[in-house]
Amino acid sequence: MKKQVTSIEEVKRKIERYCVYQDRCHKEVEKKLAEYHLIPEAKEAILLHLFEHNFLNEERFAKSFARGKFRIKKWGRQRITRELKLRDISTYNIKTALKEINETDYLTSLHSLIEKKNNQVTEENIFKRKKKIIDFLLYRGYETDLVFKTVNELIA
């Protein structure tokens, strides 16, 4: 589907609104720009404008992404890292973003997820129960050693 646009200025304004609505990564903006079928020089000019006027900031995106996914979806560090890598975020920005997650909040979140899942699982066999909880937490992106240690402490 080709979008109808009259000028580069119009595309620039649309992409600015796209970036203001929510922090975006470089990859998302390039994907959005591709929908407009612009010549490479026009794409570069728009991207340069977005960087110069701070519409596009990878570090800010990575930080808000990490905070949001942890607070709202209760993702662990590994899942957040994996998702940021899929968006071509640099290792430096990923490390900076992970510093946004408070260690005590992280452990509190892990404990509450374990308790919640433990109440949901109907399995009577303690080993199968633990495996289901551990699999759930690993899928959420929590570190393996931390998950095993915490599950074994909380579920006897």
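Bear in mind that the values in this text are calculations on the coordinates, not laboratory data. Quantities reported herein were computed from a predicted structural model and do not represent experimental measurements. As a convention, Cβ positions derive from the backbone with ideal geometry for all residues, glycine included, and neighbour counts pool all protein chains shown.
Points to keep in mind about this one:
- Pairs linking a residue in the range 22-42 that is without any contact (Cβ under 8 Å) to a residue 40 or more places away in the chain to a residue that is part of a helix (DSSP H, G or I), with Cβ atoms under 6 Å and 6 or more positions apart or on different chains, are K32/Y18; L33/K43; Y36/V11; A42/I8.
- Among the residues of the range 102-153, those identified as in contact (Cβ under 8 Å) with a residue 60 or more places away in the chain and either over 17 Å from Q78 (Cβ atoms) or not in a helix (DSSP H, G or I) (or both) are G141, Y142, E143.
Yes/no matrix, rows are residues, columns are (1) part of a loop (DSSP other than H, G, I, E, B); (2) crowded, with 16+ Cβ neighbours inside 10 Å:
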site	(1), (2)
R13	no, no
E16	no, yes
V20	no, no
D23	yes, yes
E28	no, yes
Y36	yes, yes
A45	no, no
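- Considering residues of the range 70-93 that are among the polar types (S, T, N, Q) and surrounded by 12 or more Cβ atoms within 10 Å (Cβ to Cβ) only, the residue farthest from E30 (Cα to Cα): Q78
- Residue among F61, F65 that is in contact (Cβ under 8 Å) with a residue 24 or more places away in the chain, buried (at least 19 other Cβ atoms within 10 Å of the Cβ) and in contact with a His (Cβ under 9 Å, 6 or more places away or on another chain): F61
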